[in-house]
Amino acid sequence: MDTRGHAPASLLPRPMRVARVVTEMAGTVTIELEAGAFAFAPGQFVMVSSPGVGEVPISISSDPDDGTPLALTIRAVGATTAVIAAVSEGSWLGIRGPYGTAWPDIPEGDLLLMAGGLGLAPLRGAFLRALRAQERIGRVILLYGTREPGMILFDRELLGWMRQTRAEIHVTVDQAHPGWTGNVGLITTLLERERLDASNTTAFLCGPEVMMRLSARQLAALGVSPSRIHLSLERHMACATAQCGRCQLGPLILCRDGPVVRHSDVGRALGIAEL
Amino acid sequence: MEHDGELRAMGAEALDVLIAALVARGYDVIGPTVRDGAIDLHKIHGMGDLPIGVTDEQEAGRYRLAPRADGAVFGFSNGPSSWKRHLHPPQTRLWHADLSGDRPVYVSDVEAPARPMAFLGVRGCDLAAIAILDTVLAADEHYQARRQNVAVVAINCGQAGATCFCASMGTGPAARSGFDLALTELVGDTKHEFLIETATPLGTSLLAELPTRTATDEDLARAAAILETTRTQMGRTLETAGLKEDIAAAAESPHWQEVAARCLTCGNCTMVCPTCFCTEMEDTSDLTGAHAERWRHWESCFTLDFSYAMGGSVRHSPASRYRQWLTHKLSTWEDQFGTSGCVGCGRCIAWCPVGIDITAEAKALQAEARP
C-alpha cells in the first residue's frame, strides 16, 4: 500500500483517549488508543502530542487487520516522550497522521525481518501480516537484537510466536546476565548463521541506524538485491507533512519519502557521515 | 520586456495614486522603506515612505545605505528582508487548545490576514522566490491563507548590486511572471516616469485609475537599455550547467572543511534567504494548564537542534551544516521540488558576517569536480 501524498496537510491533532497502557519494560510503554476509524499500513507513523508539552513522531506497533486498537510503543528518552510515556488510562493525547511510507506488501519468496531494540515495534504489523500469508510465501525469519535480556520488547508475544508459529525466530543480546542461555552478540552474528536463499529473499530492517547500515551491507554482500532490502529511517521530524525541512537525508524528505526506503535508494547517503 | 500586456507610462508621482488605489481596495501595501539603516519591507502608506533618493552599497559581508542624486524610487538592490517574512512569517500560531474540559478541544488558527496584502516593488529574483515558496508550501494551509489574494506590483530591476547574480539563475533582472502590474523606472534629467504593464484583470483595473499615457517606442528602448545596464552591474555569476550533479558528487569534498574554518554557523544566510523555509514547532501552555498553543517558527539548518534526533545531532560539525545548506539550495532542492532553491538575490553573501560567498564556494566545488 503506497500512501505517499495522501497524508492530510492539516497540522491540527485529533484528540484520542488512552484506552490502555501496557508497561513493556522500565521506561517503555505501549499505549492503546480509542482511535475510531483509523486507516494505516504497517511501517507508517503518527505525530503524538501532549497539549502544551510537545510532539514527537512515533511508529505504529499495532496490526491494522486484526481488529486490535491503534497502539504506539514509546520509550521515555526526552522531555516530551517522558510525559507521553507517563499518561494514564482515560487521559487524552493529540494524534496526527498516519504519515509516511509503509513496508511493502508481503513478498512471495522468503521474508527476513531484522529488528534492533524498539525497532521491533514498527515491524510487528508486518510480521503478523507475514504469519497470515505463510501458506503462500516461503520462510518467515525474524532476527531480533537488543541490549540485554531485560530489554526484549514484546517478550511474551515473541515466546508465543516461537512456540506456535512456523516463523524462525532468533534473539540475541549485547550483554547477557546469569541465567540467559540464548545468543550473545550483535544481530549480524545471527545473520551469519542463516542460510539465506539470497536471490529469493526480501528484508525489512528497523533499528538503530548503525545496526541497519551494517546489516544491509552484510545482506548485500550475501547477494540480496539492495532494491529488496527495506529500511525504516529516523530523522528529526517536526511537521510530518514535508514542510519543515527537518528530516532531509540528501534528496529525500523522510516523512514523505520514508520512513521505509529501499537500500538501493539510500545506501550511498547512509555511508556519508553527518549527512 | 517579454509581455504582451498593455503598456502605459505615468509620471513618478502617480505611484501615490497607485498606492491609494490599492488601499482603497482594502489592501495593506507592503513595500521598501528605510528602517534601522537598511531598506526593509514594511507596511507603507504613501510614496513618501519609499526610499526615494536612497541606494545601497553591498559586498560580501557588507551593506551600507548611501544617497543617490537622481531621486530614483527603486534605485537600490535587495535589503535583508524578503517577502517570505510576510508570506511565511517568523512565528505563526498553528492552533490553540482548550484543556479545561474532560476532552481537549483543538482549534485551528489558519486564517487570512484581516486585510489582503499588496506587495510593491517585487524584483525578478523575489518573484521567482515566491513561486518557489508556492511550490514548497503548496500543502501548508497557513501559508496558503496568507498567499491567497496577495496583489503583486513588480519592478523591472534597474539597480543590481555587487552581490547579485539573478541573470545567472535565469530569474531576472526583468520581471517575467507572477505579478499583476510591472513597473520600469525611467529616471531622466527632465522626466521621472514609470512604464507600467498589466498582466491580470486586477492589474488592468488598477491601471485604469492611473493618470497614464501610451508608451512610445522610445520608452520601450529606454526600458530595454535599463535592463541591459542592470545585467552588467551584477558582480557575481554562477554556472548552473551541471551544478546539481557536481554539488551532489562533492558530498565528501575536503572543501566543506575549508568553508567551515570561516563559517560561524550563525544562520544569517538562512534568515535572509527568500526561499529558506525550514521551521520548528513549539508547544506552550499557560500556568493553569487549561490553555495550550502550538507555534511554528523559523529554524536554521546551521543550528545543532535542527538535526537533533535519536539522542544527538546528526549534523554535528559546522562543515556538515554548511554542506547541508549549500547542497539543499543548489542540488537536492531540484530533486525535491523541481527547481533550484537559489534565485541569485545575493542576500546570503551580503549578510554573512564573514562574507562567505555561495557563488565562490560553488565554483570551488565545481572546479574540484571538473579539474
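Dipole size in debye (nearest 20) for the stretch B:35-80 around its Cα centre, Lys and Arg Cβ +1, Asp and Glu Cβ -1?
60
Counting DSSP beta bridges in the stretch B:7-233, what percent are antiparallel, to the nearest 5?
Of all bridge pairs located within the stretch B:7-233, approximately 75 percent are antiparallel.
I want to verify a result. In a Gaussian network model of chain A, Cα cutoff 10 Å, which of these has the top mean-square fluctuation: A:Gly207, A:Gly67, A:Gly150?
A:Gly67
To the nearest 20 Debye, how big is the dipole of chain A about its Cα centre, given +1 on the beta carbon of each Lys and Arg and -1 on that of each Asp and Glu?
Dipole size: approximately 260 debye.
Could you pull out the GluC sites (Glu not before Pro) across the stretch B:1-108 that fall in loop regions by DSSP (anything but H, G, I, E, B) with no more than 16 other Cβ atoms inside 10 Å?
Qualifying residues, ordered by number: B:Glu2, B:Glu6.
How big is the dipole moment of the stretch A:110-232 about its Cα centre under a simple scheme where the beta carbon of each Lys and Arg is +1, that of each Asp and Glu is -1, and everything else is neutral? Debye, nearest 20, please.
Computed charge dipole of the stretch A:110-232: roughly 300 debye.
Tell me which residues come under 5 Å, amide H to amide H, from A:Arg14 once H is placed; ignore anything under 5 positions away on its chain.
Here the answer is A:Ile95, A:Arg96, since their amide H atoms fall under 5 Å of that of A:Arg14.
Give the range of the longest stretch in chain B that excludes all trypsin sites (Lys or Arg not before Pro) found in loop regions by DSSP and having at most 15 other beta-carbon atoms within 10 Å.
The answer is B:26-190.
What residue among B:Cys263, B:Cys276, B:Cys125 has the largest mean-square fluctuation in a Gaussian network model of chain B, using Cα springs under 10 Å?
In this elastic network of chain B, the residue with the biggest mean-square fluctuation among B:Cys263, B:Cys276, B:Cys125 is B:Cys263.
To the nearest 500 deg cm²/dmol, what mean residue ellipticity at 222 nm is calculated for chain B from DSSP H runs of n ≥ 4 alone, each contributing -39,500 (n - 2.57), summed and divided by the residues?
Calculated at 222 nm, the ellipticity per residue is -8000 deg cm²/dmol.
I'd like the Karplus ³J(HN,Hα) series for the stretch B:55-64: coefficients 6.51, -1.76, 1.60, θ = phi - 60°, whole numbers in Hz, and an x wherever there's a Gly or Pro.
Using θ = phi - 60°, the values come out as 10, 10, 10, 10, 8, 4, x, 9, 8, 9 Hz.
Label B:Asp40 and A:Arg268 with points 7 Å out from Cα along Cα→Cβ: what is the distance between them in nm?
4.4
Set the Förster distance to 51 Å, then compute FRET efficiency between B:Glu245 and B:Val107 from the Cβ-Cβ distance, nearest 0.05.
0.60
Label points 7 Å out from Cα along the Cβ direction at A:Ala133 and B:Thr284: separation in nm?
It is 4.8 nm.
Given a Förster radius of 45 Å and the C-beta distance between A:Glu209 and B:Ala145 as r, what FRET efficiency does 1/(1 + (r/R0)^6) yield to the nearest 0.05?
Here the calculated transfer efficiency is 0.75.
Among B:Trp83, A:Trp103, B:Trp295, rank each residue by its count of other Cβ atoms within 10 Å, from fewest to most, as a rough exposure measure.
Final ranking by Cβ density, sparse to dense: B:Trp295, B:Trp83, A:Trp103.
For the protein assembly as shown, list the cysteines whose Cβ sits under 4.7 Å from no other cysteine Cβ?
Within the protein assembly as shown, the cysteines lacking a partner Cβ under 4.7 Å are A:Cys206, A:Cys247, A:Cys255, B:Cys157, B:Cys164, B:Cys263, B:Cys266, B:Cys278, B:Cys301, B:Cys342, B:Cys352.
Which Cα, out of A:Gly125, A:Leu275, B:Gly61, lies furthest along the positive dipole direction of the protein assembly as shown (beta carbon charges, K/R +1, D/E -1)?
A:Gly125
Considering the options B:Ser253, A:Val266, A:Thr165, tell which one lies farthest towards the positive end of the dipole of the protein assembly as shown, charges being +1 on Lys and Arg and -1 on Asp and Glu at the Cβ, about the Cα centre.
A:Thr165
Give me A:Phe127, A:Phe38 ranked fewest to most by other Cβ atoms within 10 Å of their Cβ, as a rough exposure proxy.
Ascending Cβ contact count within 10 Å gives the list A:Phe38, A:Phe127.
Could you list the trypsin sites (Lys or Arg not before Pro) in the stretch A:56-160 that lie in coil according to DSSP, counting only those with at most 13 other Cβ atoms within 10 Å of their Cβ?
A:Arg136, A:Arg147
Read the figures in this text as sums done on the coordinates, not as results from a lab. Not measured: the values here are computed from a predicted model. Please note: Cβ atoms are built from the backbone with ideal geometry, for glycine as well, and neighbour counts cover all protein chains shown.
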